[in-house]
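Bear in mind these aren't lab numbers, they're just calculated from the coordinates by the rules spelled out. Here the structure is a predicted model, which means the values were calculated and not measured. Cβ: placed from backbone, ideal geometry, glycine included. Neighbour counts: every protein chain shown.
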Amino acid sequence: MAARRPTPPEAPTLYVAEPPAAYGRRPRLVVDASVLAAALFGEDRHAIAVTILLIRSLAAPQLVDYEIGNVALKKCRAGQIDDADVAGALADFLALDLTRYPVDVAATLVLAERYKLSAYDAAYLWLAETLATPLATFDDKLAAVARKHLPGGASPPGLGEARR
């Protein structure tokens, strides 16, 4: 009688469960306060701003909260909106799926000096570069610098050029 060979152990089954990639559905986009303000306060470019907010996963530096608060304050003081409008816009802002990121202040200041930007605008540029993500803005100067500084330098796919 021949000797039986031992049966090799059964290979373990590997199971992988993961949620669908959010990026595949809604690619990330750094948005500056000009885009958010247009959407929240019904400014001239409201329609394109709202479209951007709906089709992208949004990112911004933490300072965005103060910038939007300042826009609301200026509009209220100028009599363009009332307290109820401010409350509604801020509620809409807080409801956005917007991830806020801390910034590297030293690196932001280097960008601000290199491109003659405000520290605020440089923070958006720094974040877009750090996340390797497109930047959306209605600010002509920031847009020109972003095209020059960021790899690719073009508008995000599907958005085209936003005009006034």
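For the range 90-129, the list of trypsin sites (Lys or Arg not before Pro) that fall in a loop by DSSP and count at most 16 other C-beta atoms within 10 angstrom reads 116. Sequence-ordered 3J(HN,Hα) estimates for the range 42-57 from the Karplus curve with 6.51, -1.76 and 1.60 and θ = phi - 60° stand at x, 6, 3, 9, 3, 4, 5, 5, 5, 4, 4, 5, 7, 9, 10, 8 Hz, glycine and proline given as x.
Relative to the 2.2 N^0.38 Å rule of thumb, the range 62-152 has a C-alpha radius of gyration ratio of 1.22.
Rounded to the nearest whole Hz, the Karplus-based 3J(HN,Hα) values (6.51 cos²θ - 1.76 cosθ + 1.60, θ = phi - 60°) of the range 120-131 follow the sequence 5, 5, 4, 5, 5, 5, 4, 5, 4, 5, 5, 7, with x at glycine and proline. Straight-line cross-link partners of residue 148 among the aspartates and glutamates, defined as a Cα under 20 Å from its Cα and at least 8 positions apart when in the same chain: 32, 113, 121, 129, 139, 140, 161.
Working out 0.36 nm times the residue gap between residue 57 and residue 44, then minus their Cα-Cα distance, what length gain in nm do you get to one decimal?
Separation in residues times 0.36 nm, less the Cα-Cα distance, equals 2.4 nm.
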